[in-house]
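Below is one structure, written out as structure tokens; the observations come after it.
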Amino acid sequence: MSTLIYKKMNDVMKEIGSIGKSQTNTHQGFKFRGIDQFVNALYPALTKNGVFMTVDVLERTETIKDVVRSNGNPGVDKHVALRVKYTFHAEDGSSVSSILVSEGLDSGDKATNKALSAALKYALIQTFSIPTVDMEEADSTSPVMGTTKAAKKSAIEEKIIAAATTGAVNPPISDKLKESADNIANLAAASNGAAKKSFRKTDAKVEGWEN
């Protein structure tokens, strides 16, 4: 049994490289890789290495459903599900196959086309392990665990206490608090003494006036 196709498939993989998500979904705004990108990348690699592909639709189901559009008008949606087999052939007659399922939804006559495009796209991705340009190794970064508000508050309080007791703040917070308390006490005492003197002077004047 000839196995040339295995070497050919490996040679094709070497020719492809990565395919980035350069297309944008106009309705939902996400980036994706279109079928045309894969066909354009695969064609020169397949022809250079003498590999061609055939396709067999093994199973097809179709569902038609009456719907109401967002504008209130009635419409019809067609849903097509396919089971497709793609076979890659080498010049010596050896081959490898890939079978997968795909779906397509359309309000016109494009549901089958969409299903076939999706099938081909993922057959190529999975068969040739085509990477994206933005692939990231899972172990290259580590997630940072979040902290709760209570934990953050506790950490701040610990820093304040540590600064007050160790003299990290110049002067220490404890000294500032003590100084503020002493100033308040002195002001209160001075105010109280001034009030008493004022009352005494008033009493003296009253007594002198009565005499």
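Within region 85-103, is even one residue among the β-branched types (Val, Ile, Thr), within 33 Å of the chain's Cα centre (by Cα) and closer than 30 Å to residue 7 by Cα?
Step one: filter region 85-103 for residues among the β-branched types (Val, Ile, Thr), giving 87, 96, 99, 101.
Now narrow it down to the ones that are within 33 Å of the chain's Cα centre (by Cα): 99, 101.
Restricting the remaining residues to those that are closer than 30 Å to residue 7 by Cα gives 99, 101.
Within region 85-103, one or more residues are among the β-branched types (Val, Ile, Thr), within 33 Å of the chain's Cα centre (by Cα) and closer than 30 Å to residue 7 by Cα.
Would region 99-113 turn up any residue that is out of contact with any Lys or Arg (no Cβ under 6 Å at 6 or more places or on another chain), surrounded by 18 or more Cβ atoms within 10 Å (Cβ to Cβ), on the phi < 0 side of the Ramachandran plot and basic (Lys, Arg)? Scanning region 99-113, I find no residue that is out of contact with any Lys or Arg (no Cβ under 6 Å at 6 or more places or on another chain), surrounded by 18 or more Cβ atoms within 10 Å (Cβ to Cβ), on the phi < 0 side of the Ramachandran plot and basic (Lys, Arg), so the answer is no.
Within the group 87, 47, 54, which residue is hydroxyl-bearing (Ser, Thr, Tyr), without any contact (Cβ under 8 Å) to a residue 12 or more places away in the chain and under 30 Å from residue 11 (Cβ atoms)? Let's see the steps before the verdict.
On the way: 87 fails: without any contact (Cβ under 8 Å) to a residue 12 or more places away in the chain; 54 fails: without any contact (Cβ under 8 Å) to a residue 12 or more places away in the chain.
Criteria check complete, one pass: 47.
From 39, 57, grab the single residue that is surrounded by 13 or more Cβ atoms within 10 Å (Cβ to Cβ), aliphatic (A, V, I, L, M) and outside any strand (DSSP E or B).
Values: 57 fails: outside any strand (DSSP E or B).
Going through 39, 57 in turn, the sole match is 39.
Between 85, 121, which is under 25 Å from residue 33 (Cβ atoms), outside any helix (DSSP H, G or I) and of a type in the set (Lys, Arg)?
Working: 121 fails: outside any helix (DSSP H, G or I).
Unique residue meeting the criteria: 85.
Return yes or no: is residue 82 touching a helix residue (DSSP H, G or I) at 6+ places or on another chain (Cβ under 7 Å) and either exposed (fewer than 11 other Cβ atoms within 10 Å of the Cβ) or without any contact (Cβ under 8 Å) to a residue 60 or more places away in the chain (or both)? Explain how you work it out, then say what you get.
Details: touching a helix residue (DSSP H, G or I) at 6+ places or on another chain (Cβ under 7 Å): yes; either exposed (fewer than 11 other Cβ atoms within 10 Å of the Cβ) or without any contact (Cβ under 8 Å) to a residue 60 or more places away in the chain (or both): yes.
Here the answer is yes, as residue 82 does meet what is asked.
Taken as a whole, region 14-31 holds at least one residue that is in contact with a Phe, Trp or Tyr (Cβ under 8 Å, 6 or more places away or on another chain), modelled with pLDDT under 95, more than 19 Å from residue 128 (Cα to Cα) and assigned to a strand (DSSP E or B). In region 124-148, the residue that is modelled with the lowest pLDDT out of those that are aliphatic (A, V, I, L, M) and in a helix (DSSP H, G or I) is 138.
The values are calculated or read from the model by the stated rules, or taken from the named source; none is laboratory data. Everything numeric in this text was worked out from a predicted model, so none of it was measured. Reconstructed Cβ throughout: ideal geometry from the backbone, glycine too, with neighbour counts over all protein chains shown.
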